[in-house]
Amino acid sequence: SNWFRITTVAGTDCDSCGGVPSYNPSASSSVQQLPQAQNVSTLNGTASGAVVREYCGLLQSNGSAWVYPNQTVTVANQSATFFSPGVSGMIGMGLAPFVDSPAANWLAQNPTQPTFSFGMALNPPSNFSTDGGVLHWLHPDSSFYRGDIAWKPMLAANASMPSNLSTWFVEMDAWSVSGSSSSFNISQSGTELLTLLDPFYSNIVFPQTFARAIYADIPGASKHATSAFAHSWKLPCNSKFRLTVTFGTFSTSLDQTSLVVKQADGVCVGALQEWIDASATEYLLGSPFIAVLYLIFSYSQQGDGSVGVAARITASNKLSTGALVGIILGTVAVAALLIIAGVLLYFAFLRRSAKAA
C-alpha cells in the first residue's frame, strides 16, 4: 500500500526508476546517511535503497514550500514499476513507525496542537488528464464536501492478515450490490468488514466469496485476468449494477459508469475484483470509490489516526485561501494520479545546495 512506513524517492543511481526526477544525496549539505536499507512495497510495485534523514518540503500551489526537517527517506536504487511519469516520490503516512511520518514531525514541533489533519479531493482515474486533484494540507476545506463527516478510527493491521497491504485499515459498516432484477441483491453488514482505502489502486477488491456471488448474477460474466494479488472479471459492456458502501452514517454508491471499464481492445472488465488468496477477508476500495469522496485524515499527538468520509462536491474546483492548503496533485497518467499525500514532493535542501554551489 502507499500508506507505507517511510517516504521513498527515486535516487540518481536508480537505472530502473523510469527516468523520473531523482534525488542525489551527495549534492545535499543537510543529508544524514543512516546505516540501514529499506524495501518498500505498494500494490503496483516495489522499491529499495539506502535510508537517509533529510530536510524536506512540499510544494504548495502558491509556489512556496511547506518545510519539515529531519525526515526519514528511502532513496531507491532499484525499482519495479514503483515510479511512473510524473511520480518520483511518495510520502509514507502509515501508523508504524509513526515517528518517521511528516505528521509526527509536525506534531513534535507543535506540541500544543492536538492533531495533524489534511483533506483530499482526488479526481477520477484518467490516462489523459493532468489534474489529479487537490490536497488540503493541515486545513481540510469544507467547500469541497457537503453534509456530515463520518469518522472511523484507523485500526492497526495484523501481520497475519492474508492481504498484508497496509499498516492500517478502517471498518466498513455495510455494503450492498444490486442489479436490474429483484433477485440480484447481495449485501453484508453486522460483522467486521476491515477495509483498505488506497487511492494508488485503480480498482476495488472483495473477498472471493462475495465477488463470485456478485458476478454469478451478471449474465455473461467470466474470469478474465490475474494480477499479483487479484483476479478481474470480463462482462458485457451493457451490464448494469450498483455498489453501495456505508461508513457510520455515510453511504455512497457507484454504478456501471464506474464499475464497468471498457479497455482499449473493446473488452469490458469489472472494476470490482477478487483476491487471489481465498482466505483474504479484507476489502480494498481504490480510486473509483475515493474519487467520489472528500477524505480527511487526522493524527493525534499519541500517534492514533482517524479517517473522515464525506460526500464530495464535484463542482468545486477552486483552491482554498488557507495558509497551507492547495497542494496540487499534478499527474499525467492513472498511476500518477493515485499517490497519497503529495505527489509533488520535492526537497527544500536543494535551495541550500544551489547556494553552496
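FYI, it's all coordinate maths here, none of it is from the lab. Quantities reported herein were computed from a predicted structural model and do not represent experimental measurements. Because the Cβ atoms are built from the backbone with ideal geometry, glycine has one as well, and the counts that use them run over all protein chains shown.
Quick notes on this one:
- A Förster radius of 25 Å combined with the Cβ-Cβ distance from I276 to E192 puts the calculated FRET efficiency at roughly 0.70.
- Close amide H partners of L43, meaning residues 5 or more places away or on another chain with modelled amide H under 5 Å apart, are N2.
- Summarised in one figure, the compactness ratio Rg/Rh of region 178-221, Cα atoms and Kirkwood Rh, is 1.01.
- Rounded if a/c under 1.5, otherwise prolate or oblate - region 20-80, Cα gyration tensor axes: oblate
- Each Lys and Arg Cβ is given +1 and each Asp and Glu Cβ -1; about its Cα centre, region 258-319 then shows a dipole of about 440 debye.
- Between S300 and T244, the contour length at 0.36 nm per residue exceeds the alpha carbon distance by 17.1 nm.
- Label-point separation, N110 to H224 (7 Å along Cα→Cβ), nm: 4.4
- If R0 is taken as 30 Å, the Cβ-Cβ distance between K262 and N39 corresponds to a FRET efficiency of 0.25.
- A straight line joining the Cα centroids of region 240-263 and region 13-59 runs 37 Å.
- Rounded FRET efficiency, nearest 0.05, which uses the C-beta distance separating S16 from S180 and R0 of 35 Å: 0.15
- With an a/c value of 1.5 or above and a/b not larger than b/c for the gyration tensor axes a ≥ b ≥ c computed over the alpha-carbon atoms, region 230-296 is described as oblate.
- Simple spin-label estimate for A65 and S30 in nanometres, 7 Å along Cα-Cβ: 0.5
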